[in-house]
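Before any comments, here is the structure.
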């Protein structure tokens with residue numbers, strides 16, 4: 001399989017990205033080839049500095065960079081020789097099997113939505129994030145920011161996407177899917193969650209375990225997949241990530257609080273599009289980049305996209 | 001002033017409530033009289049057990065209790081001699097100046113909405129909660145669960161309510177009011193926050209400082225009042241409160257994380273109704289009850305309700 005990486009994206013690119021790719025090499029499967037999109041001269045310089053033989057990588061030379069300050073959609077249209085745009089072209093033509101970047105989230109989403117495109121039948125793709133559980137395991141939270149306003153049928157599909165991801169990527173046989181809400185009873189919540197509960201409670205597409213309240217998010221007692229809209233999910237995730245920074249600031253070195261460190265989770269998968277796409281944190285360290293690459297490899301290996309398509313096809317009669 | 005307390009409400013009533021009232025006595029102002037609503041025999045027994053002279057209290061004997069398992073609105077109509085209903089009647093007739101309970105939140109809200117009633121001009125009252133800041137200070141979060149679905153004009157009024165509360169109760173000259181959102185820019189957010197930003201940005205009713213993202217909630221760098229709908233606010237608050245329990249479970253004894261302990265904050269004020277009403281946590285300890293009583297006393301002393309009415313009257317031309 002061929003794993004594409006944007007070398008120019010991220011606050012510490014290309015240094016951290018190349019280093020992360022180098023570190024990933026020893027941990028990738030035998031059939032995995034890393035394909036680096038970026039400035040060839042800089043990539044080679046980074047490798048030489050690290051004493052690493054750059055011929056291990058396949059390098060696709062690009063001359064432009066989509067900056068964090070660029071308007072994502074415009075930049076995606078105009079910077080046609082940028083690492084992200086060239087990467088997406090390779091992904092769309094199956095010259096690579098998956099693509100990861102710690103660069104402009106907006107440009108990555110533009111590529112996901114307009115070049116790779118949503119899977120047929122998916123109303124809205126989502127972005128997801130792992131959160132740590134006190135059990136030592138992790139849960140998947142989605143959507144964490146792609147769709148701020150979600151209708152019930154969209155949230156229902158997030159249940160499908162989340163269950164498949166947690167099954168294939170987090171190794172759970174039958175993930176427990178919960179709806180994030182402000183009460184445990186069916187009639188609690190806002191207009192959208194009340195309607196969503198009605199759709200989910202009879203689901204045969206995933207194991208719905210009911211509502212989860214925010215004080216139980218990290219317990220692991222009830223849910224492996226937590227479904228919410230992108231507004232609430234983004235707030236929950238940012239509040240959770242702040243725990244790590246606050247703990248550090250307070251000189252707390254605790255195994256659980258340390259697991260709120262985003263570096264450990266690689267990146268945020270875009271779910272419901274026609275190829276594995278992972279978006280890393282802008283400030284990604286080499287460790288975060290390595291994890292992002294390994295996550296992309298796994299998504300390709302487990303045939304995440306194919307399995308989502310199959311599940312969606314099976315469930316079509318269930319969604320109106 | 002006369003401060004009413006429901007002695008029968010809460011998981012550990014009447015014991016914890018009476019003890020909290022006893023502990024409050026030494027800390028109340030000279031003109032403050034505690035009025036206890038509940039079973040006289042039990043109240044006296046609790047006082048005698050504590051070696052406390054119960055004649056310090058004014059006791060209003062009641063024979064019924066609204067249980068947590070009761071349907072709040074129905075129980076409020078049917079249990080006419082319950083401590084909560086009798087307390088609200090006293091509040092509505094100004095026989096007491098404020099009322100606090102750690103009992104059924106639903107019944108307390110029923111009393112607030114139908115007996116004491118919203119202030120004229122308030123579209124929807126809110127419930128608010130203090131959250132700890134890393135600066136050592138605290139911020140006010142509202143709504144934390146009364147209105148799961150809020151329109152922009154409702155959120156705008158929460159800015160007014162929050163600013164007045166933070167000024168009078170948290171001692172801030174000009175509280176900074178922020179809108180909880182998923183990006184710092186005006187155009188970020190969901191449909192409701194985008195519209196709310198437009199209303200707030202020209203506000204002369206309070207100092208609007210823009211959007212706040214969840215990773216900055218506890219920093220104290222940008223906001224003293226954080227406005228959001230009751231769905232998001234409830235989730236943020238429960239996630240924050242879980243920090244305390246998780247820290248305890250992890251044997252972390254940290255001054256900041258300890259401040260996520262709800263006991264320190266007394267209770268949740270109902271803002272935008274015609275009298276000071278404070279709802280305590282069901283599991284309130286004597287310390288939490290004492291703080292709830294002191295909070296009620298302060299709300300009466302600073303004339304919270306009158307000040308809200310004045311601000312609302314001034315702002316009427318600003319809200320469409």
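The values are calculated or read from the model by the stated rules, or taken from the named source; none is laboratory data. These numbers were taken from a predicted model, which means no experiment stands behind them. In this analysis, Cβ positions are derived from the backbone assuming ideal geometry, glycine residues included, and neighbour counts consider all displayed protein chains.
Within the stretch B:165-180, count every residue that is out of contact with any strand residue (DSSP E or B) (no Cβ under 9 Å at 6 or more places or on another chain) and part of a loop (DSSP other than H, G, I, E, B). Residues in the stretch B:165-180 being out of contact with any strand residue (DSSP E or B) (no Cβ under 9 Å at 6 or more places or on another chain) and part of a loop (DSSP other than H, G, I, E, B): 2 in total. Determine if the stretch A:91-109 includes at least one residue that is in contact with a strand residue (DSSP E or B) (Cβ under 6 Å, 6 or more places away or on another chain), at pLDDT 95 or above and surrounded by fewer than 17 Cβ atoms within 10 Å (Cβ to Cβ). So far as the stretch A:91-109 goes, no, none of its residues is in contact with a strand residue (DSSP E or B) (Cβ under 6 Å, 6 or more places away or on another chain), at pLDDT 95 or above and surrounded by fewer than 17 Cβ atoms within 10 Å (Cβ to Cβ). Looking only at the stretch B:32-55, residues that are within 18 Å of residue B:90 (Cβ to Cβ) and in a loop (DSSP other than H, G, I, E, B) come to 2 in all. Going through (1) surrounded by fewer than 21 Cβ atoms within 10 Å (Cβ to Cβ); (2) part of a helix (DSSP H, G or I); (3) touching a helix residue (DSSP H, G or I) at 6+ places or on another chain (Cβ under 9 Å) one by one, residue A:20 falls short only on (1). Out of A:179, A:237, one residue alone is under 30 Å from residue A:12 (Cβ atoms), within 20 Å of the chain's Cα centre (by Cα) and within 14 Å of chain B (Cβ to nearest Cβ). It is A:237. Restricting the stretch B:110-136 to residues that are within 14 Å of chain A (Cβ to nearest Cβ) and out of contact with any helix residue (DSSP H, G or I) (no Cβ under 7 Å at 6 or more places or on another chain) leaves a set whose member that is surrounded by the most Cβ atoms within 10 Å (Cβ to Cβ) is B:127.
Tell me, please, whether a residue that is in contact with a strand residue (DSSP E or B) (Cβ under 6 Å, 6 or more places away or on another chain), under 24 Å from residue B:315 (Cα atoms) and in a strand (DSSP E or B) can be found in the stretch B:189-203. Checked against the condition, which is being in contact with a strand residue (DSSP E or B) (Cβ under 6 Å, 6 or more places away or on another chain), under 24 Å from residue B:315 (Cα atoms) and in a strand (DSSP E or B), the stretch B:189-203 yields no hits at all. Going by the conditions given, is residue A:216 facing chain B (nearest Cβ under 10 Å), within 19 Å of residue B:239 (Cα to Cα), touching a helix residue (DSSP H, G or I) at 6+ places or on another chain (Cβ under 8 Å) and free of Cβ contacts under 8 Å to residues at least 40 places away in the same chain? When the stated conditions are applied, residue A:216 passes them. Identify, by number, the condition in (1) outside any helix (DSSP H, G or I); (2) modelled with pLDDT of 95 or more that residue A:183 doesn't meet. Result: residue A:183 passes all but (2). With the requirement that a residue be within 11 Å of chain B (Cβ to nearest Cβ) and farther than 21 Å from residue A:135 by Cβ, what does the stretch A:240-264 give you? Matches in the stretch A:240-264: A:242, A:245, A:246, A:249, A:250, A:251. Of everything listed in (1) crowded, with 18+ Cβ neighbours inside 10 Å; (2) in contact with a helix residue (DSSP H, G or I) (Cβ under 6 Å, 6 or more places away or on another chain); (3) under 30 Å from residue B:157 (Cβ atoms), the single unmet condition for residue B:37 is (3).
Can you tell me which condition residue A:313 does not meet? The list is (1) under 20 Å from residue A:173 (Cβ atoms); (2) touching a residue at least 60 places away in the same chain (Cβ under 8 Å); (3) outside the structural domain of residue A:23 (by TED's automatic domain parsing), and all the others hold. The number of the failed condition is (1).
For the stretch B:219-234, residues that are more than 10 Å from every other protein chain (Cβ to nearest Cβ) and either more than 16 Å from residue B:178 (Cβ to Cβ) or at pLDDT 95 or above (or both) total 5. Here residue A:306 meets each of (1) out of contact with any helix residue (DSSP H, G or I) (no Cβ under 9 Å at 6 or more places or on another chain); (2) at pLDDT below 95; (3) over 28 Å from residue B:134 (Cα atoms) with one exception, condition (2). For the stretch A:219-241, a residue qualifies if it is crowded, with 18+ Cβ neighbours inside 10 Å and free of Cβ contacts under 8 Å to residues at least 12 places away in the same chain, and the qualifying residues are A:235, A:239. In the stretch A:182-212, of all residues being within 25 Å of the chain's Cα centre (by Cα) and within 12 Å of chain B (Cβ to nearest Cβ), the one that is surrounded by the most Cβ atoms within 10 Å (Cβ to Cβ) corresponds to A:193. When B:155, B:146 are checked against the criterion of being crowded, with 24+ Cβ neighbours inside 10 Å and closer than 24 Å to residue B:293 by Cα, B:146 stands alone in meeting it.
Quick grid of which residues meet (1) in the same structural domain as residue B:243 (by TED's automatic domain parsing); (2) crowded, with 20+ Cβ neighbours inside 10 Å; (3) modelled with pLDDT under 95; (4) closer than 16 Å to residue B:16 by Cα:
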residue: B:257; (1), (2), (3), (4): yes, yes, yes, no
residue: B:267; (1), (2), (3), (4): no, yes, yes, yes
residue: B:277; (1), (2), (3), (4): no, yes, no, no
residue: B:282; (1), (2), (3), (4): no, no, yes, yes
residue: B:285; (1), (2), (3), (4): no, no, yes, yes
residue: B:289; (1), (2), (3), (4): no, yes, no, yes
residue: B:292; (1), (2), (3), (4): no, yes, no, yes
residue: B:296; (1), (2), (3), (4): no, yes, no, no
